[in-house]
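Here's the structure we're looking at; comments come further down.
The values are calculated or read from the model by the stated rules, or taken from the named source; none is laboratory data. Computed from a prediction, not measured in an experiment: that's the story for all the values here. Don't worry about glycine lacking a Cβ; one is built from the backbone with ideal geometry, like all the others, and counts go over all protein chains shown. Just the protein is used for accessible areas: all its heavy atoms, side chains included, with ligands, DNA and RNA removed. Shrake-Rupley method; radii C 1.70, N 1.55, O 1.52, S 1.80 Å.
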Amino acid sequence: MIAGEEPEHLTRAARCQAQIDPLAALRTPADPPWDVYLTGTVFLDIIFTGLDSAPVRGTESWARGMGSSPGGVANMAAALARLGLRTSLAAAFGDDHYGEYCWDALEHGEGIDLTPSRTVPGWHSPVTVSMAYEGERTMVSHGHEPPPEEPAPDCPPRARAAVASLTPGSQAPWIAQAARYGTRIFADVGWDDTGAWDLAGLADLEHCEAFLPNAEEARRYTGADCPRAAAHALTEYVPVAVVTLGSDGAYAVDRRTGETAEVPAIAVEALDPTGAGDVFVAGFVTGTLAGWPLADRLAFAGLTAALSVQEFGGSLSAPGWSEIGAWWRRVQSVAGQDPTALRRYAFLDQVVPEELDRPWPLRRAVPTIGFRRSA
């Protein structure tokens, strides 16, 4: 591929979905071929929504809604691609119908580069069943580890940024390698089942530009009394710390510039919170690569996450620019809005055109997969 040339993976469907290139003004012929690289496990997610309560032992519960979509690392990959970032994913896919569906949805539906990914013969796709109720979710997953040589290449492709999920007590060699080649690493972390909560156990954190834990994770890792103090403590280990505060929004500190920012959450009626954290990270990565101020990045991340929870599923609930533009125009037209709150999102005027056509609808999670497509 010629430097600066549009990657072939950006199909017509993906170009129409993105519609806006947030990095257009920054692109040069010498750029890496990809904006973001990530690796991980792709699940098939089956999501039940509209449950009145958690399932009760010995009873049958009926859900008012159901959706199926690629999940796991696909949540992050789709969210990045829908925001116009050229996204490359290394993952193992099962050679069953679920794996075929997930591959097609990501490559052809979302325009994600799957060149570093592989289909593993005889390996079935991992599956997660997620049940959403009362603003929370309960999940049951099943799967087997793929062959160790399958999920990620030894040498990651060149990219502006990478998103990594850190694992306490272990290192992923590709993270250090990518950082050496100038890739900016954004990291989150899962719950520490060991109970150690030792930052020294997150060895790859030294290669990261930003770390985005939730409030409880940040407090446990730092021993701080409050998540805001925890964010400041984390900047001793990483330049940018972003702590999500649930319904209170998010707080961030940039050690290099001295900036701090706190943005409240947007109140929405949540249908399904699956993947909202991944969408938040994708929004923050997008704003960072575009060079926005810290508060704008935080506000944009929160907005994209809020829009995502109003749709079924993780990966296919992520908003595109049409949804973002429609939200911005709608809230400005509602009488009685807080002027200060509106000014917080005024930066969108410079990002989203007044008129944004939508020639290709975004895919959403559907109750079942495998229907034959009409010609």
Here the residues within the range 331-375 that are modelled with pLDDT under 75, surrounded by 15 or more Cβ atoms within 10 Å (Cβ to Cβ) and not β-branched (Val, Ile, Thr) are 356, 358, 360, 362, 363, 365
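Conditions tested, residue by residue: (1) more than 14 Å from the chain's Cα centre (by Cα); (2) not polar (S, T, N, Q).
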site: 212; (1), (2): no, yes
site: 223; (1), (2): yes, yes
site: 235; (1), (2): yes, no
site: 249; (1), (2): yes, yes
site: 253; (1), (2): yes, yes
site: 256; (1), (2): yes, yes
site: 264; (1), (2): yes, yes
site: 281; (1), (2): no, yes
Residue count, the range 98-127, condition open to solvent by 10 Å² or more (accessible area, probe 1.4 Å), at negative phi and either among the β-branched types (Val, Ile, Thr) or without any contact (Cβ under 8 Å) to a residue 60 or more places away in the chain (or both), comes to 10
Checked the range 191-227 for anything open to solvent by 60 Å² or more (accessible area, probe 1.4 Å) and part of a helix (DSSP H, G or I); matches are 200, 206, 216, 219, 220
Practice problem: Confirm whether residue 138 is assigned to a loop (DSSP other than H, G, I, E, B), of a type in the set (Ser, Thr, Tyr) and either surrounded by 13 or more Cβ atoms within 10 Å (Cβ to Cβ) or modelled with pLDDT under 90 (or both). | Solution: no
_Test result for residue 50, at positive phi and modelled with pLDDT under 90_ = yes
Being among the β-branched types (Val, Ile, Thr), in contact with a strand residue (DSSP E or B) (Cβ under 8 Å, 6 or more places away or on another chain) and under 28 Å from residue 110 (Cβ atoms) narrows 253, 263 down to just 263
Exactly one of 278, 296 is at pLDDT 90 or above, acidic (Asp, Glu) and open to solvent by less than 30 Å² (accessible area, probe 1.4 Å), and that residue is 296
**Asked** Of the residues that make up the range 78-97, is at least one touching a strand residue (DSSP E or B) at 6+ places or on another chain (Cβ under 6 Å), open to solvent by 10 Å² or more (accessible area, probe 1.4 Å), not small (Gly, Ala, Ser) and not in a loop (DSSP other than H, G, I, E, B)?
**Response** no
